[in-house]
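See structure below.
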Amino acid sequence: MTDGTSEVIRGAWLGAEGLEAVLEQDLQRRGVTIDRWHGQLALSRQPSVFSPWALDVWEAPEQVTIPSIKGAAKILRGYQRNWGLYAADFFRRAALIEENLPPIKTALLTFPTAAPTAPLGAWTLLTPDTMLFSARKSSPFINGAPKFVENRTGPPSRAYLKLWEACTLLRRWPQPGETCLDLGATPGGWTWAIAQLGADVTAIDRAPLDPAVAAMPHVQFQQGSAFGLEPASFPEVDWVFSDIIAYPARLLALARRWIESGRTRNMVLTVKFQGDTDHETVAAFEAIPGGSLRHLTHNKHELTFFWSQTAAEAEAPSVPAV
């Protein structure tokens, strides 16, 4: 379905604010040229492909001339119930269309909770009379952005939100009695989040943890370098976590060492970029069997790497498809 114009949009990717150029570079490496931007939505005449730098990938975009506000809503309802608006322009008209769609529950998430599985589409107005929409997209959240009930008193930093978002997308998190490592843990935002779940966590860092985190039940602290820790010298663990500041290539070597050791069943790491984006290392992370990369809402110039032994054995991505 098209609007009859010469421009037929077949690919759409929602970029994170300030990282639009990084998304465009990544898509170019995947053979996709961006024809134009609609706000933070990258549009192309080429089909959508996955990019870890996209907050949301519109997997099957369609373009249509809308006869009216109610007519636009009727078109969307003809596909499915749930739709999320991306508004970059024509805000009043878009809001009126949205009012004619079934409401979507947008309550803040209380962690731990799994990402929703109900089908969710995305739509936007390119002009007052031209709508772009996709019934399928990569994120289970509107505009790829989960919103949580935050804890503003317990954790020593807001980094815990990255771990919450990662586990929500993964639809799994450490359980009571499971063992975890937090590499490069200080000040302890991720350690705090893991301990809150009732799992046992050993925090590794050269610098001490925040005293309140160090005193929590289920928390042990081992002073030392995350990169100097040999997996073979440590008991097998259920999870390895890390939000450490490190060059991506160095973190890649650490991830490979732990995976090859067979000493962990799951891994969640933040890959942090300083200056230019190291696209070669991104590709190397993507090539790891059982691994997945995502740019989370709470990431900065970062990607989150997921890996699980189960996914590697099944030759499947660690983050399940929506």
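Restricting the trypsin sites (Lys or Arg not before Pro) of the range 27-56 to loop positions (DSSP other than H, G, I, E, B) with no more than 15 neighbouring Cβ atoms within 10 Å leaves Arg30, Arg45.
Shape verdict for the range 208-285, please, from the Cα gyration tensor: rounded (a/c under 1.5), prolate (a/b greater than b/c) or oblate. Cα axes put the range 208-285 in the oblate bin.
Here is how the number arises for the chain: DSSP H runs of 4 or more residues each give -39500 (n - 2.57), the sum is divided by the residue count, and the result at 222 nm is -7000 deg cm²/dmol. Here the dipole of the range 100-182 is about 60 debye; that uses its Cα centre as origin and unit charges on the Cβ of Lys and Arg (positive) and Asp and Glu (negative). In a DSSP loop and with at most 16 other Cβ atoms within 10 Å, the trypsin sites (Lys or Arg not before Pro) in the range 214-322 are Lys300. Positive end of the dipole of the range 160-314 (Cβ unit charges, origin at the Cα centre): among Trp307, Trp173, Ala212, the Cα lying farthest that way belongs to Trp173. Once both labels are positioned 7 Å from their Cα atoms along Cα-to-Cβ, the gap between Arg256 and Trp37 label points is 3.4 nm.
Once the mean of 1/r is taken over each pair of separate Cα atoms and inverted, the range 91-239 shows a Kirkwood hydrodynamic radius of 18.0 Å. Per-residue extension of 0.36 nm, minus the Cα-Cα distance of Ala249 and Arg30, leaves a gain of 76.8 nm for this segment. Amide H contacts under 5 Å for Phe148: Leu109, restricted to partners 5 or more places along the chain or on a different chain, H placed in the peptide plane at 1.01 Å from N. Dipole size of the range 160-314 about its Cα centre, with +1 on Lys/Arg Cβ and -1 on Asp/Glu Cβ: approximately 100 debye, rounded to the nearest 20. Excluding same-chain neighbours fewer than eight residues apart, the lysines reachable from Lys70 by a Cα-Cα span under 23 Å are Lys105. Using the Karplus relation 6.51 cos²θ - 1.76 cosθ + 1.60 with θ = phi - 60°, the per-residue 3J(HN,Hα) values for the range 219-227 come to 9, 10, 10, 10, 7, x, 8, 4, 7 Hz, with x marking Gly and Pro. Computing volume of the Cα convex hull per residue in Å³ directly from the structure and comparing it against (1) 131; (2) 226; (3) 172 singles out (1).
The slack between Glu17 and Phe227, meaning 0.36 nm per residue of separation minus the straight C-alpha distance, is 72.4 nm.
Please label the shape of the range 1-148 as rounded, prolate or oblate, based on the square roots a ≥ b ≥ c of the eigenvalues of the alpha-carbon gyration tensor (a/c under 1.5 means rounded; beyond that, a/b larger than b/c means prolate, else oblate).
oblate
Its Cα centre serving as origin, the chain has a Cβ charge dipole (Lys and Arg +1, Asp and Glu -1) of approximately 720 debye.
Under 5 Å from the amide H of Asn82 lie the amide H atoms of Gly121, each residue being 5 or more positions distant or on a separate chain, with H modelled from the backbone and absent for Pro and chain starts.
The antiparallel fraction among DSSP beta bridges confined to the chain stands at about 60%.
Please give the net charge around Ala159, taking every other residue with its beta carbon less than 15 angstrom from that of Ala159, where Lys and Arg add +1 and Asp and Glu add -1. Each step should come with its number before you reach the end.
Numbers: positive: Arg152, Arg158, Lys162, Lys272, Lys300; negative: Glu150, Glu165, Asp182, Asp205, Asp210, Asp243, Glu302.
It works out to a net charge of -2.
Starting from the Cα of Glu313, step 7 Å along the direction of its Cβ; do the same at Ser68; then give the gap between the two resulting points in nm. Output for this residue pair reads 5.9 nm. Close amide H partners of Arg171, meaning residues 5 or more places away or on another chain with modelled amide H under 5 Å apart, are Ala115. Apply the a/c threshold of 1.5 to the C-alpha gyration tensor of the range 160-314 and tell me whether it is rounded, prolate or oblate. In terms of gyration-tensor shape, rounded.
Bear in mind that the values in this text are calculations on the coordinates, not laboratory data. Since the model is a prediction, treat every value here as computed from it, not as a measurement. Positions of Cβ are backbone-derived with ideal geometry, glycine not excepted, and every protein chain shown enters the neighbour counts.
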